[in-house]
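Data first, discussion second: the structure below is written as structure tokens.
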Amino acid sequence: MDLCGVHAKNLFNTNSFWHRPIPSNLGRSGISLRVVDGRVLEITLLRRKSCCKGYRPYVVSAAGKKNNGNSSSSGNDEQSIPDGDGIRRNNSSDGNKSDNSENCHHPNLDWREFRAKLYKDELKEISDTDTHNQGGTLHSSKPLGTKWAHPIPVPETGCVLVATEKLDGVRTFERTVVLLLRSGTRHPQGGPFGIVINRPLHKKIKHMKPTNHDLLTTFSDCSLHFGGPLEASMVLLKTGEKLKLPGFEEVIPGLCFGSRSSLDDAAGLVKKGILEPHHFQFFVGYAGWQLDQLRDEIESDYWYVAACSSTLLCEALSDSSESLWEEILQLMGGHYSELSRKPKQDT
């Protein structure tokens with residue numbers, strides 16, 4: 001497949017069809033979440049006992065923001081409504097959208113950072129126990145930092161799917177990082193979907209001669225990225241300020257997404273001087289699954305599932321980083337880091 005030419009003539013095309021992508025290794029971390037009514041209530045860690053092998057549960061109650069019932073663990077099968085551009089949208093009230101928009105720009109309130117700190121502390125405790133048992137010297141813990149990534153057991157909105165070596169040779173997805181925009185429900189039209197975020201097309205919107213006025217003027221110098229094999233396009237918005245953003249939905253703090261119907265709102269924010277064109281990233285195409293289908297692909301070791309810091313993702317998007325696949329695996333550490341240095345497999 002020629003990625004540079006894929007969907008380019010159908011930028012923000014309304015034609016969408018159901019596609020079954022190639023079937024990831026589930027990051028078997030000892031962290032799980034309990035989600036009730038779209039809200040994260042507990043984060044559970046399986047902590048190793050210091051006296052013997054095995055793990056014991058360590059539960060931390062945490063107040064998390066609502067995720068619109070999109071978590072696959074919420075049990076919410078609310079039907080999603082296809083938008084005019086083929087993107088599936090939940091039937092939620094405008095008031096909820098406004099609240100989510102306001103929450104989109106508070107990195108300090110990102111509960112995922114709290115979970116990442118717990119995960120890092122847990123690894124440090126396990127390492128210290130092993131070192132102590134072997135008579136080694138203990139080292140002080142380093143701070144979490146602004147760039148982090150760690151495996152998680154199940155997909156969630158805002159996580160990334162990192163292609164494993166099983167997808168080497170499958171040009172559409174090999175060495176890709178897919179940002180999951182919705183974790184999805186069991187409804188046939190409400191499955192998970194996301195965009196590939198490490199495949200810049202090295203073309204600008206003006207080169208595609210779009211017919212949309214806003215694309216032709218306001219966003220003409222913005223770069224295009226390959227987002228996936230399905231024919232509908234996405235807009236990512238990066239901003240660290242507290243703003244109400246009509247037409248955009250939060251993915252993680254500091255990062256929201258919209259679709260074709262969001263273009264007018266996006267152009268309006270730029271024309272008012274609230275945002276700049278470079279705050280927006282445009283993706284041609286997207287990737288979509290049915291809920292059980294994605295789970296099967298993960299358990300078949302086609303994808304690693306990871307949580308990443310907002311800083312890591314936003315910087316990668318700004319730099320159009322094609323090395324994001326390697327960077328995330330290295331930050332995940334252990335055998336993931338080793339895999340990031342392996343050459344592509346001939347398949």
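Where the convex hull is taken over the Cα atoms of region 250-308, what is its projected area averaged over directions, in nm²?
Its average projected convex-hull area is 5.7 nm².
Normalised by 2.2 N^0.38 Å, where N is the number of residues, the alpha-carbon radius of gyration of region 214-274 equals 1.13. Taking all protein chains together, 294, 331 sort by accessible area into 331, 294, largest first [probe 1.4 Å]. In the assembled protein chains, residue 196 presents an accessible area of approximately 0 Å² (probe radius 1.4 Å). Computed with a 1.4 Å probe over protein heavy atoms only, the accessible area of residue 315 comes to about 80 Å². Pairs exceeding a 31 Å alpha-carbon distance, out of 147/209; 117/271; 142/344; 166/209; 209/344; 117/238: 147/209; 117/271; 142/344; 166/209; 209/344.
Fraction of C-alpha pairs exceeding 25 angstrom in region 197-347: 36 percent, rounded to a whole number.
In loop segments of region 206-268 as defined by DSSP, the trypsin sites (Lys or Arg not before Pro) with at most 14 further C-beta atoms inside 10 Å of their C-beta are 242, 244.
Exposure check, 1.4 Å probe, all protein chains in place: residue 202 carries approximately 140 Å² of accessible surface. 3J(HN,Hα) couplings calculated from phi for region 247-256 with the Karplus curve 6.51 cos²θ - 1.76 cosθ + 1.60 (θ = phi - 60°) are, in sequence order, x, 10, 10, 5, 9, 9, x, x, 9, 10 Hz; Gly and Pro show x.
The GluC sites (Glu not before Pro) found in region 166-256 that occupy coil by DSSP, while having at most 16 further C-beta atoms within 10 Å, are 241.
The values are calculated or read from the model by the stated rules, or taken from the named source; none is laboratory data. Remember, predicted model here, so these are calculated numbers, not experimental data. Neighbour counts are summed over all protein chains in view; Cβ atoms, including those assigned to glycine, are modelled from backbone coordinates with ideal geometry. Keep in mind that these areas ignore ligands, DNA and RNA; they rest on the heavy atoms of the full protein, side chains included. Shrake-Rupley method; radii C 1.70, N 1.55, O 1.52, S 1.80 Å.
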